[in-house]
Amino acid sequence: HRQTLLLGEALLLIAEDFLAQSRQNTELPASYMTYRAIVDFMNNNFERMEDLVSLERALHRKYSYLCHVFKKYAGMTIGDYLHHLRIQRAKHLLLNTERSIRRIAEEVGFKDAFYFSRIFKRIEGIPPQAYRSREEREGES
């Protein structure tokens with residue numbers, strides 16, 4: 001009888017230890033929290049980001065580490081994500097304002113309108129002016 005009680009207590013301790021470890025394993029990894037911080041910072045500051053080193057300063061982490069973490073979770077580079085954010089905002093401005101391409105480029109964070117047009121075409125397949133014209137024509141139909 002005593003051995004059965006000891007065996008029961010041992011099994012209880014093992015089960016409690018197992019549950020404690022499984023609870024710890026359900027917490028999000030620190031790297032995922034860093035990834036979320038990167039996304040939040042970029043979503044809120046993409047127009048003002050002068051360079052990607054500003055990310056390093058804001059999050060108090062080395063840029064190479066931030067790049068590694070972001071690529072792991074997003075499957076793309078920080079620079080590519082930044083371009084996509086800027087182009088999405090530019091598409092909205094192209095369709096909903098009469099601002100010039102140069103002004104829109106500056107507003108979304110590109111210093112050079114030609115570079116903006118090149119990135120826009122790479123992502124969307126057509127230049128910004130053609131995008132604006134095509135969408136206007138489709139809207140009239």
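Derivation of every value follows stated rules applied to the coordinates shown; laboratory data play no part. Since we're looking at a predicted model, the values are computed, not measured. Here the Cβ is made from the backbone with ideal geometry for all residues, glycine too, and neighbour counts use every protein chain on show.
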Divide by every residue of the chain the summed helix terms, -39500 (n - 2.57) for each DSSP H run of at least 4, and state the resulting mean residue ellipticity at 222 nm, rounded to the nearest 500 deg cm²/dmol. -25000 deg cm²/dmol
Given the chain, what count of lysine pairs have C-alpha atoms under 23 Å apart, with each pair 8 or more places apart or on different chains? 5
Applied in sequence order to segment 100-112, the curve 6.51 cos²θ - 1.76 cosθ + 1.60 (Karplus, θ = phi - 60°) yields integer Hz couplings, x standing for Gly and Pro, of 5, 4, 4, 5, 5, 4, 5, 5, 8, x, 9, 7, 10
With no solvent and one equal point scatterer placed on each C-alpha of the chain, evaluate the Debye formula and give log10 I(q)/I(0) for q = 0.17 Å⁻¹, two decimals. -0.95
Separation in nanometres of the label points that stand 7 Å from Cα toward Cβ, at Ser31 and Lys121: 3.8
Rg followed by Dmax, in Å, when segment 65-141 is reduced to its Cα trace: 14.0, 49
Report, please, the projected area of segment 1-79 averaged over directions, based on the convex hull of its C-alpha atoms, in nm². 7.1
Would you mind calculating the gained length between Leu12 and Arg89 on full extension (0.36 nm times residue separation, minus the Cα-Cα distance), in nm to one decimal? 22.0 nm
Simple SL model, points at 7 angstrom along Cα→Cβ for Phe41 and Gln129; separation in nm is 3.8
Ranked highest first by the average count of other Cβ atoms within 10 Å around their residues, in what order do 104-115, 42-53, 81-92, 60-71 fall? 81-92, 104-115, 60-71, 42-53
I'd like the FRET efficiency for Thr97 and Glu56, computed as 1/(1 + (r/R0)^6) with the beta carbon distance as r and R0 of 41 Å, rounded to 0.05. 0.80
In whole angstrom, note down how far apart the Cα centers of segment 105-124 and segment 14-90 are. 24
